[in-house]
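Coordinate-derived values only; no laboratory data. Worth saying up front: this structure is predicted, and the values here are computed from it rather than measured.
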Amino acid sequence: MGDLAHAAREFLKSWPGSGYAGVAVYFSAKADMFAGRTEAARTMLEGWIQTREALRGPFPDDGPMRLGEIYAKEGRFDEAARAFERVVREYPDDSGLEEVAYLWGLALHDGGRMEEAKAVLTKALVSFPTSRLSARARRRVE
């Protein structure tokens, strides 16, 4: 993954105004995330999300979800919950909504917001009862 992050950064240096700059930023952040460099990934994803409208180009839409995952790994559960909630709100028809709905509830739970967590997880269990995350969610609701 290090090579991907390096390649994406080199692309950004060479063509910072390209319509594909957003994709390069996203993939660089994703490579950093999977390599365990969460601070670098978080910084890139935060910037990417803030500026993606200005970049105008094709970009993957799971940036907010990945940012939520990073926040959760860092123990920043309120920020993780906000990121996951944003995905649910802005991308209600997304194919990854099942996972995000559970991650949102788990972030609320891990952040000590039990009533909100129970409501979100209960809704996720009703909407996605066969999800791979449903058993974990059930334990948090009970």
Looks like segment 90-142, by Cα gyration tensor root eigenvalues a ≥ b ≥ c and the a/c under 1.5 rounded cutoff (else prolate when a/b is bigger than b/c, oblate otherwise), is oblate
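Please give the contour-minus-distance gain from ASP93 to LYS123: 0.36 nm per residue of separation, less the Cα-Cα distance, rounded to one decimal in nm.
Working: separation 30, 0.36 × 30 = 10.80 nm, distance 1.57 nm.
Contour length minus Cα-Cα distance gives 9.2 nm.
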